[in-house]
Number of protein chains: 2
Amino acid sequence: MTSRIVTVTLNPAIDVTYRVDALRVGQTVRVPEVRSRAGGKGVNVAAVVNALGGNGFALALTTTGTPDEFRSGLEELGIAHRLVPALTSVRRTVAVVAADGTTTMLQENGSPACEGAEAAITEALRDELETGAGAVVISGSVPNGMDPSVPARLARVCAEFGTPVITDVSGPALHAAADSGAVLMPNQDELAELAGGGRTVSALVAGGAPAVVATAGADGAVAATPRGVWQARPAEVVTGNPTGAGDAAAAALALHLAAARDVDWPAALADVVATSASAVLRPVAGEIDLGARTRWIPLTKVKETR
Amino acid sequence: MTSRIVTVTLNPAIDVTYRVDALRVGQTVRVPEVRSRAGGKGVNVAAVVNALGGNGFALALTTTGTPDEFRSGLEELGIAHRLVPALTSVRRTVAVVAADGTTTMLQENGSPACEGAEAAITEALRDELETGAGAVVISGSVPNGMDPSVPARLARVCAEFGTPVITDVSGPALHAAADSGAVLMPNQDELAELAGGGRTVSALVAGGAPAVVATAGADGAVAATPRGVWQARPAEVVTGNPTGAGDAAAAALALHLAAARDVDWPAALADVVATSASAVLRPVAGEIDLGARTRWIPLTKVKETR
């Protein structure tokens, strides 16, 4: 039986891609091609879980308005979901992709969450945990008007149920999540944020984090756990679109956390690094190149370090 | 009694403005402020007609989908309207305005018009002309899938009713409109397009155009008519946002065409140039600075030329 990976997206998005000839500041650019896709990190994680043969389920806030373009977008992507209407509108991100591949991202901050949003998403998560989940991934930003501790609080609810949980968040939310019982997945910037607050990786693990899996782009990733520390680099240098690499890493890790109480960390880390690199080959976040991943996993060398 | 100025918008838009710190190609930019406004040149013309104390009425195509964000936008702007659902969706334009004022425009091309769109908008226009209109302004692009001659055909319907009509169009639509009985309002690029096809301003007037009012930005405008040719320059050098200047010019001209069978061309031209310049002071198309306009009209020198 494939257990569900439930992802939590507090700040969903409609990801718009504008393909243009070239983007010249101060000029007018015609946009002959517009694509739209339900987005937000948790959506991308669920999509990659599905691509990996898992059973992804997206729990997210959405608009209180009608129609719900975000919901239609999830249905288009074939992602099972449960939505909590608690935002005036779902923010848009616009990726302007020039013919030479240069991508300029415009990210709307988003509308504030309604009062009661935290209670509603917490209740929905409890309900989904009661139904059953192999692991939970809480990713992305916290909408305006919502306490940055919410990801940490939701992680503690997962811990109540004994369900492994990953938090892929930054800023104040990351600081709050550091001792929530979640597996942390900081990138290099977020790692620096934590260290700046006195929280080195070893301090975090010593303080009770089940694991800290720090991703480093082309330099691979490090998994620090109570049982050991491992590192791995990608099998090949990859160029392309790195925007979904972190979400792909989280999806791969979540499936390993769900698979067994004792995680096979070398296998998990090789999967994280190969899956993450395979996302770079795809033009949009939420997609991976399965063939490349399959090729790379056995070629991904994992070293134990200390 | 204030007669109506009916504007026709075949390719409406939702004009989105992103205010950002700076737009750097290849980077990610946060957009803390998003504004949305019903757009399309005919909408802007109707808005300026209202600002000038006239009675603007926007006839436009719109989405067949729900909800109709364009319709809500017109209601928000307080613009009386009649919409013909005949597009899959209303296109978006995104103006990225940096803190230093540099504006980069991204313009979606838009979805195709449905079959039957031309017949539907023609019938709606006839109906509005029967209700009564002092003048009609047909502005902007023709949606994909619609014949570029449609503005010219709609202009001929106005001529049947004896209603003065302005066409503010470009490309193939402009060439088709040249002998439709409409007053033409080409900017400098469009003037060059016409001349390239052998249609100089004097040839157009000699061929039956009631007037050609060519706008030239900071250099003012020229009105060529059977009764004479006049030119006028703005009273002051103006810097700001020129995107709505042409629509403001068309609104001012339409009110003069509606006011009297024999247009007072010097007065009309001074109004066109002053109103157009006052639009440059405003941050969005569809707005004018009434105080500046009032100050500038008596200072706008109009010369008769030949």
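The values are calculated or read from the model by the stated rules, or taken from the named source; none is laboratory data. Quick caveat: nothing in here was measured; it's all calculated off a predicted structure. Please note: Cβ atoms are built from the backbone with ideal geometry, for glycine as well, and neighbour counts cover all protein chains shown. All accessible areas refer to the heavy atoms of the entire protein, side chains included, with ligands and DNA or RNA removed. Shrake-Rupley method; radii C 1.70, N 1.55, O 1.52, S 1.80 Å.
Which value does Rg/Rh take for the range A:16-99 over its C-alpha atoms, Rh per Kirkwood? Please report the intermediate quantities before stating the final value.
On the way: Rg = 15.3 Å, Rh = 14.4 Å.
A ratio of 1.06.
How crowded by other chains is A:91-102, given as the mean number of beta carbons from other chains within 10 Å of each beta carbon?
On the way: counts 2, 6, 2, 8, 1, 7, 0, 2, 0, 0, 1, 3.
Other-chain Cβ atoms within 10 Å of each residue's Cβ, averaged: 3.
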Worksheet item: Shortest first, in nm, what separates the label point of B:G101 from those of the same position in the other copies (7 Å along Cα→Cβ)?
Response: 3.8
Worksheet, complete the sentence: Result for interface chain B to chain A, accessible surface buried in total, 1.4 Å probe, Å² to 100, stands at 2300 Å²
Worksheet item: Considering only the label points, 7 Å along Cα→Cβ from Cα, what distances in nm to one decimal separate A:R24 from the same position in each other copy, shortest first?
Response: 2.2
Item to complete: Once you have the Kirkwood Rh of the range B:71-215 from its Cα pairs, apply Stokes-Einstein at 20 °C and 1.002 mPa s and quote D in µm²/s.
Response: 127 µm²/s
Response to the item:
Compactness check, the range A:1-147: C-alpha Rg relative to the 2.2 N^0.38 Å globular estimate gives 1.13
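When averaged across all projection directions, what area in nm² does the alpha-carbon convex hull of the range A:4-304 cover? Each step should come with its number before you reach the end.
Numbers: hull surface 61.6 nm².
Quarter of the Cα hull surface area: 15.4 nm².
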Discussion item. Given the DSSP H assignment, sum -39500 (n - 2.57) over each helix run of at least 4 residues in the protein assembly as shown and divide by its residue total; what's the result at 222 nm in deg cm²/dmol, nearest 500?
Written reply: -10500 deg cm²/dmol
Worksheet, complete the sentence: Ordered by number, the residues of the range B:103-142 with at least 10 Å² less accessible area in the assembly than alone (1.4 Å probe) are B:T103, B:T104, B:M105, B:L106, B:Q107, B:E108, B:N109
Worksheet entry | Amide H partners (placed H, <5 Å) of B:N55, local residues excluded | B:I5
Discussion item. If each label sits 7 angstrom from Cα along the C-beta direction, how far apart, in nm, is B:S202 from its counterparts in the other copies?
Written reply: 9.0
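Output the relative contact order of the range A:13-79, whole-number percent, from Cα pairs under 8 angstrom with separation of 6+ residues.
30 percent
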Practice prompt. Mind jotting down the three principal axis lengths of the protein assembly as shown based on Cα atoms? Whole angstrom, largest first.
Written response: 94, 43, 39
Item to complete: May I ask you to derive the relative contact order of the range B:4-304, considering only C-alpha pairs under 8 Å and at least 6 residues apart, and to give it as an integer percent?
Response: 16 percent
Fill in: Descending Cα extents along the principal axes, the range B:190-306, whole Å
38, 30, 23
Worksheet item: Amide H neighbours of B:D168 under 5 Å, counting only residues 5+ apart in sequence or on other chains, H built in-plane at 1.01 Å?
Response: B:I138, B:S139, B:G140
Fill in: Most to least packed among B:50-56, A:158-164 [average Cβ atoms within 10 Å]
B:50-56, A:158-164
Worksheet item: For the range B:4-304, with every protein chain kept in place, what is the accessible area per residue (1.4 Å probe, Å²)?
Response: 40 Å²
Worksheet entry | J(HN,Hα) series, the range B:68-74, from Karplus relation 6.51 cos²θ - 1.76 cosθ + 1.60, nearest Hz, glycine and proline x | 9, 5, 5, 4, 4, x, 5
Discussion item. Which one, B:P112, B:A124, B:T275, is farthest towards the positive end of the dipole of chain B when Lys and Arg carry +1 and Asp and Glu -1 on their Cβ?
Written reply: B:T275
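How large a share of the accessible area of the range B:157-306, in percent, is made up of carbon and sulfur atoms when the probe is 1.4 Å and the other protein chains stay in place? Walk me through the numbers on the way to the answer.
On the way: 3460 of 6400 Å².
For the range B:157-306, the apolar C and S fraction of the accessible surface comes to 54 percent.
Taking each residue of A:23-33 in turn, how many C-beta atoms of other protein chains fall within 10 Å of its C-beta, and what is the average? Kindly include the intermediate steps, with their values, before the conclusion.
Details: counts 6, 2, 9, 8, 4, 8, 5, 5, 10, 3, 2.
Mean partner-chain Cβ count within 10 Å for A:23-33: 6.
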Worksheet entry | Among B:V84, B:V16, B:A60 the positive-end extreme of the charge dipole of the range B:4-304 (Cβ point charges) | B:V16
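Rounded to two decimals, what is the ratio between the C-alpha radius of gyration of the range B:93-170 and 2.2 N^0.38 Å? Could you put the intermediate results ahead of the total?
Details: Rg = 16.2 Å, N = 78, 2.2 N^0.38 = 11.5 Å.
Scaled against compact globular proteins, the figure is 1.40.
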Worksheet item: Taking amide H positions as placed 1.01 Å from N in the peptide plane, with prolines and chain starts having none, which residues 5 or more places from A:T9, or on another chain, fall under 5 Å of its amide H?
Response: A:L59, A:A60, A:L61
